[in-house]
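Just below is one structure, and these are the notes that go with it.
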Amino acid sequence: MLDKELYIIGASGLGKEILATLKSSGFLKQYSFIGFIDNFEGVVNGIPIVGRNEFLTGLKKESDVLLAIGSPVVRKRILDQLLKYRHLNFITYVHPGASIYDSETIKIGRGCYIGENSILTTDIIVEDFCFLNINVSLHHDTIIRENSVLMPGVIITGGAEIGKNSYLGNNFQISDKVKIPENSLLKL
């Protein structure tokens, strides 16, 4: 068993998809994957739900966690509860099938998830705790503020800014230099 422990916060659909992604990409080979954290009990795809958020606060050793919650409101509530615990390390995961064109000019923050087939071109900022699902396309000078969620197929062209705690639904497209206010919920 490896010393490095990993927990996925959220055992619903997004949690299951993230687990499948981590398995298929080989990412889990570096961890002892302990299980899911959620508010209900049970087993999801053979993996136990080991407890609620409070379970993580009582851990005695440093552990890595990955947030698998699609709602920015719920994500923020969880982050507000858990960020004060120094033994919890919110990891950033970038799928090996994502394309980061100019890594010198792209900043991806702590606790982010960048899904497969996503494209980030150049001069892009993705702040802490953002979730970019599969097939997200970000182009030059785009800024994604903290704790924003972009679902499959989102395309953002040059110079747009997405305010913190925002949600962009499937296949949503934003043109050049548009600024989306924080706490926005945009769906087609």
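Per residue of region 101-110, in order, report the coupling 6.51 cos²θ - 1.76 cosθ + 1.60 (Karplus, θ = phi - 60°) as ³J(HN,Hα) in whole Hz, putting x for Gly and Pro.
5, 10, 4, 6, 10, 10, 10, 10, x, 6
If you count the DSSP beta bridges with both ends in region 33-121, what percent of them are antiparallel, to the nearest 5?
Here the share of antiparallel DSSP bridges comes out near 20 percent.
For the chain, report the accessible area per residue in Å² (1.4 Å probe, heavy atoms, rounded to an integer).
Working: 9190 Å² over 188 residues.
For the chain, the solvent-accessible area averages 49 Å² per residue.
Report, in deg cm²/dmol and to the nearest 500, the calculated mean residue ellipticity at 222 nm for the chain, where each DSSP H run with n ≥ 4 adds -39500 (n - 2.57) and the sum is divided by the residue count.
Values: 3 runs with 28 residues, N = 188.
It lands at -4500 deg cm²/dmol.
Across the chain, how many lysine pairs separated by 8 or more positions, or lying on different chains, have Cα atoms within less than 15 Å?
Summing the qualifying lysine pairs gives 8.
Would you look at the GNM of the chain, springs on alpha carbons closer than 10 Å, and say which of ALA68, ALA98, ALA11 moves the most?
Maximum among the listed residues: ALA98.
Can you give me the Cα centroid spacing of region 129-159 and region 42-65 in angstrom?
Using only Cα atoms to place each centre, the spacing works out to 29 Å.
Could you calculate, for the chain, the ratio of the Cα radius of gyration to the Kirkwood radius, expressed as Rg to Rh?
The Rg/Rh ratio comes out at 0.97.
For q values of 0.17, 0.19, 0.31 Å⁻¹, compute log₁₀ I(q)/I(0) with the Debye formula on a Cα-only model of region 41-89, without solvent.
So the normalised log intensities are -0.58, -0.72, -1.24.
Note down the accessible area of ARG110, probe 1.4 Å, to the nearest 10 Å².
Approximately 110 Å² of ARG110 is accessible to the 1.4 Å probe.
Cβ neighbours within 10 Å, averaged per peptide: list 77-83, 121-127, 131-137, 61-67 in order, most packed at the top.
Output ranking for 77-83, 121-127, 131-137, 61-67: 131-137, 121-127, 61-67, 77-83.
Using a 1.4 Å probe on the protein chains only, how many percent of the accessible area of region 141-188 belongs to carbon and sulfur?
Here carbon and sulfur together make up 47 percent of the probe-accessible area.
Mind listing the long-range amide H neighbours of VAL44? Cut-off is under 5 Å, sequence gap 5 or more, other chains count too, H placed in the peptide plane at 1.01 Å from N.
ILE49
Can you give me the long-range amide H partners of ILE144? Hydrogens built in the peptide plane at 1.01 Å from N, cutoff under 5 Å, separation of 5 or more residues or another chain.
ILE125, VAL126, GLU127, ILE162
List every residue whose amide H lies under 5 Å from the amide H of TYR7, counting only residues 5 or more places away in sequence or on a different chain, with H placed 1.01 Å from N in the peptide plane.
ASP64, VAL65, LEU66
Tilt of helix 72-82 relative to the longest C-alpha principal axis of the chain, in degrees (0 to 90, nearest 10)?
Its long axis makes an angle of about 50 degrees.
As I understand it, the dipole of region 11-158 uses +1 on the Cβ of Lys and Arg and -1 on the Cβ of Asp and Glu, about the Cα centre. Which of LEU28, SER12, ILE47 lies farthest toward its positive end?
Of the listed residues, the answer is ILE47.
Would you work out the charge dipole size for region 24-153 about its Cα centre, treating the Cβ of every Lys and Arg as +1 and the Cβ of every Asp and Glu as -1, and quote it to the nearest 20 debye?
Value, rounded to 20: 480 debye.
From the phi angles alone, apply the Karplus equation (6.51, -1.76, 1.60; θ = phi - 60°) to region 111-122 and give each ³J(HN,Hα) in whole Hz, x where the residue is Gly or Pro.
Residue by residue, region 111-122 yields x, 8, 10, 10, x, 4, 6, 6, 10, 10, 8, 7 Hz.
What net charge do the residues around ILE100 carry, taking every other residue with its C-beta under 14 Å from that of ILE100, with Lys and Arg at +1 and Asp and Glu at -1?
The answer is -3.
In degrees, nearest 10, range 0 to 90: what is the angle between the Cα axis of helix 13-24 and the longest Cα principal axis of the chain?
Approximately 80 degrees, to the nearest ten.
The values are calculated or read from the model by the stated rules, or taken from the named source; none is laboratory data. On a predicted model such as this, the values are computed, not experimentally measured, just so you know. Cβ coordinates were reconstructed from backbone atoms using ideal geometry, including for glycine residues, and neighbour counts include every protein chain displayed. In case anyone asks, the SASA skips ligands and DNA or RNA and just uses the protein heavy atoms, side chains included. Shrake-Rupley method; radii C 1.70, N 1.55, O 1.52, S 1.80 Å.
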